[in-house]
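Novice: Just passing along the structure, written as C-alpha cells.
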Amino acid sequence: MLRHRILAIWPPMTLMALAFTLAQFVPLPLSLLAAAFMALMFFDAAARLDEFENAVSRLRASHAPQALAGVLAYRHRGSWCQREAVKAAAGVFGLRREAAEALYDRGYRWYHFLPDGSLRRNSPLLQVNFWTDLVGMKRT
C-alpha cells in the first residue's frame, strides 16, 4: 500500500523537487517565487493523498470495483495529479490498467499536464474551487 501512496503523490513531489532545485540557481526574487510554488505543491501532495484514500475506500466498499475504477478516473480527470492519484488507488485492487484505459478512451494522454481548460478564458486557475481543492480544503 505504501508503494501506491507514493505513486499517488509523485507528480506534485516531483514538481516540488524541481522547484527546490531551481531555487538554488536563481536570484532571490525568483527563489521566493519557487519557494511559494514548493509550498503549493506540498499542499497539492496532501490533497492528492486524501483523494487517494477516499478513492481506495470507495473502491473497497464497492460491489463492482472494475466499473467504479473507470467512473472514479473520469470524475477525477481535471488534472494530471488527480488522474495519477486515482490510478494509484485503482492499482491497490489491480485495476490500474482499467482506470488508465478509461482515461485514454476519453482522450487523456501522458503529456496532458495542465489542468483541463487552463488555457481558456474561464480557466480553473482563476476559480476558487480549484484552489480549495488544491490545498485540500473542504467547502461547506
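Novice: Using only the Cα atoms of the range 35-76, construct the convex hull and provide its projected area averaged over every direction, in square nanometres to one decimal. The partial results should precede the final answer.
Specialist: Values: hull surface 12.1 nm².
Taking the Cα atoms of the range 35-76, their convex hull projects to 3.0 nm² on average.
Novice: GNM on the chain, C-alpha springs below 10 Å: top fluctuator among LEU59, LEU125, LEU49?
Specialist: Between LEU59, LEU125, LEU49, it is LEU125 that shows the largest mean-square fluctuation.
Novice: Let me ask you something else. Taking only the alpha carbons of the range 3-64, what extent do you get along each of the three principal axes, in Å, biggest first?
Specialist: Sorted largest first, the three principal extents are 55, 17, 11 Å.
Novice: May I ask for the percentage of alpha-carbon pairs in the range 2-134 that lie more than 23 Å from each other? Provide the component values of the computation, followed by the final result.
Specialist: On the way: 3256 of 8778 pairs.
Within the range 2-134, distances greater than 23 Å cover 37 percent of Cα pairs.
Novice: What ranking, highest mean first, results for peptides 116-124, 8-16, 30-38 when packing means the other Cβ atoms within 10 Å averaged over each residue? Mind showing how you got there, number by number?
Specialist: Numbers: 116-124: 11.7, 8-16: 20.4, 30-38: 14.7.
For the peptides 116-124, 8-16, 30-38, the packing ranking is 8-16, 30-38, 116-124.
Novice: Just need the relative contact order of the chain here, percent rounded to a whole number, with Cα pairs under 8 Å and 6+ apart. Mind dumping the intermediate values first?
Specialist: On the way: 161 pairs, mean separation 37.2, N = 140.
Normalised by residue count, the contact order of the chain is 27 percent.
Novice: Report, to the nearest 10°, how far helix 28-61 tilts away from the longest principal axis of the Cα atoms in the chain, using its own Cα long axis and a range of 0 to 90°.
Specialist: Once rounded, the angle reads 10 degrees.
Novice: Taking the Cβ of PRO124 as the centre, find all other residues whose Cβ is under 10 Å away and add up their charges (Lys, Arg: +1; Asp, Glu: -1). Let's see the in-between values first.
Specialist: Numbers: positive: ARG120; negative: ASP116, ASP133.
Spelling it out: positives minus negatives among the neighbours equals -1.
Novice: Right, next: What angle, in degrees between 0 and 90 and rounded to the nearest 10, separates the Cα long axis of helix 2-23 from the longest principal axis of the Cα atoms of the chain?
Specialist: 20
Novice: Test of understanding: ordering HIS63, HIS76 by Cβ neighbours within 10 Å, fewest first, what list do you get? Numbers along the way, then the final one.
Specialist: On the way: HIS63 6, HIS76 23.
In order of increasing Cβ crowding within 10 Å: HIS63, HIS76.
Novice: Would you mind counting up the charge near PRO11? Only other residues with Cβ under 10 Å from its Cβ, with Lys and Arg at +1 and Asp and Glu at -1.
Specialist: Working: positive: ARG48, ARG83; negative: ASP44, GLU84.
So the surrounding residues net to 0.
Novice: Hey, any idea what Rg/Rh is for the range 70-140, computing Rh the Kirkwood way over Cα pairs? Walk me through the numbers on the way to the answer.
Specialist: On the way: Rg = 12.9 Å, Rh = 12.9 Å.
Here Rg/Rh amounts to 1.00.
Novice: Can you compute the modelled spin-label distance between ALA67 and ARG3, with each label point 7 Å from Cα toward Cβ, in nm?
Specialist: Here the answer is 3.0 nm between the modelled labels.
The numbers here are math on the coordinates, done by the rules we state, and not lab data. Computed from a prediction, not measured in an experiment: that's the story for all the values here. Heads up, the Cβs are rebuilt from the backbone with ideal geometry, glycines too, and the neighbour counts pull from every protein chain shown.
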